[in-house]
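Working notes, structure below.
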Amino acid sequence: MFVGDLGEGDLKTIKAIKKIPIPTAVILGNHDRGYDGSGDLLKIQLRMLGDLHCGWDLREWDFPLVSVIGARPCSSGGGFHLSKEVKAIFGPISLEESAEKIVLAAKKAHKDLPLIILAHSGPSGLGSEASSPCGRDWKRPYIDWGDKDLAIAIDKIRMHKVPNLVVFGHTHHELKNNAGVRKTFARDQWGTAYLNTAAVPRSGYDSNGNLLTHFSWVEFKNGVLNDVSHRWYREDGSIAYNEQLYTLKPIAE
Ligand SMILES: [Fe+2]
């Protein structure tokens with residue numbers, strides 16, 4: 001799953017994603033609008049991605065056995081702001097209409113499969129500290145920078161099925177002004193997990209000069225969230241560093 005901000009409208013990453021031989025799902029981010037206010041560059045990317053892009057829709061596939069739906073494409077967080085590029089393609093869409101589109105996507109999903117919501121910005125309601133999963137850390141006052149349409153949608157979706165996981169990016173793990181690192185995992189009272197995957201940059205070198213690349217890793221077992229971690233992989237596919245965020249406690253015998 002790709003949470004967006006692939007590269008300022010650069011088509012290279014999209015071409016690379018299309019070649020990945022396993023199922024992928026993409027939501028584009030605010031930076032993917034590029035520098036083309038007409039929306040044409042965004043349209044090209046959406047056309048290239050085709051059904052890999054799941055903005056406001058269900059990513060249809062037979063495998064893996066999870067349902068993935070997308071939130072509003074190209075979100076820049078901060079409650080609700082429909083970018084002019086998105087408006088140029090999808091028309092004027094209100095906060096309520098955006099929430100409803102996410103809810104409709106969830107209704108298309110198979111009820112018995114785990115439900116994952118893929119978003120560029122996470123929902124509002126996860127805290128208003130700079131270090132909250134969607135907190136604004138780059139400017140005072142520190143506020144909740146999450147998306148309201150997504151939060152409303154999650155509330156409504158829960159009436160049919162509790163979403164298992166919301167995956168997003170946008171608010172970087174490392175906080176501005178050397179203020180430490182962000183909280184990147186949360187669970188609400190209904191059991192929905194929230195995972196911020198925005199390790200930026202997502203690749204770098206260790207002290208021995210080995211390239212390490214970040215992936216957020218999630219496992220489901222029998223339809224239940226079982227393991228969530230941030231992992232830094234070496235080029236040979238081995239794990240150099242694993243930050244465990246969640247493990248399902250084994251049931252005591
Ligand atoms: Fe972003």
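The values are calculated or read from the model by the stated rules, or taken from the named source; none is laboratory data. Model, not experiment: these values are computed from the prediction. Positions of Cβ are backbone-derived with ideal geometry, glycine not excepted, and every protein chain shown enters the neighbour counts.
What to note about this one:
- Any hit, segment 44-54, residues being assigned to a loop (DSSP other than H, G, I, E, B) and at pLDDT 95 or above: yes
- Selected residue (only one of GLY180, GLY122, GLY127 is closer than 22 Å to TYR246 by Cβ and within 16 Å of the ligand (Cβ to nearest atom)): GLY122
- Considering residues of segment 141-150 that are surrounded by 21 or more Cβ atoms within 10 Å (Cβ to Cβ) and not charged (D, E, K, R) only, the residue farthest from the chain's Cα centre (by Cα): TRP145
- Looking across LEU115, LEU150, LEU104, one residue alone is within 16 Å of the ligand (Cβ to nearest atom) and either at pLDDT below 95 or of a type outside the set (Ser, Thr, Tyr) (or both). It is LEU150.
- Selection count where residues are of a type in the set (D, E, K, R), in a helix (DSSP H, G or I) and surrounded by 20 or more Cβ atoms within 10 Å (Cβ to Cβ), scope segment 69-86: 1
- For segment 15-44, residues that are touching a strand residue (DSSP E or B) at 6+ places or on another chain (Cβ under 8 Å) and within 16 Å of the ligand (Cβ to nearest atom) total 3.
- Residue within segment 96-106 that is under 29 Å from ARG231 (Cβ atoms) and without any contact (Cβ under 8 Å) to a residue 40 or more places away in the chain present: no
- Just so you know, in segment 61-73 the residues that are under 17 Å from GLY4 (Cβ atoms) and hydrophobic (A, V, I, L, M, F, W, C) include one that is nearest to the ligand (Cβ to nearest atom), and it is ALA71.
- Of the strands (runs of 3 or more DSSP E) contained entirely in segment 173-253, those carrying at least 2 residues that are at pLDDT 95 or above, of a type in the set (Ser, Thr, Tyr) and touching a strand residue (DSSP E or B) at 6+ places or on another chain (Cβ under 8 Å) fall at 203-205, 211-221, 224-234, 239-247.
- Picking from residues in segment 74-97 that are touching a Cys at 6+ places or on another chain (Cβ under 9 Å) and not aliphatic (A, V, I, L, M), the one that is nearest to the ligand (Cβ to nearest atom) is GLY77.
- Single residue of segment 218-239 satisfying the filter (surrounded by 14 or more Cβ atoms within 10 Å (Cβ to Cβ) and in contact (Cβ under 8 Å) with a residue 24 or more places away in the chain) that is farthest from ASP137 (Cα to Cα): PHE220
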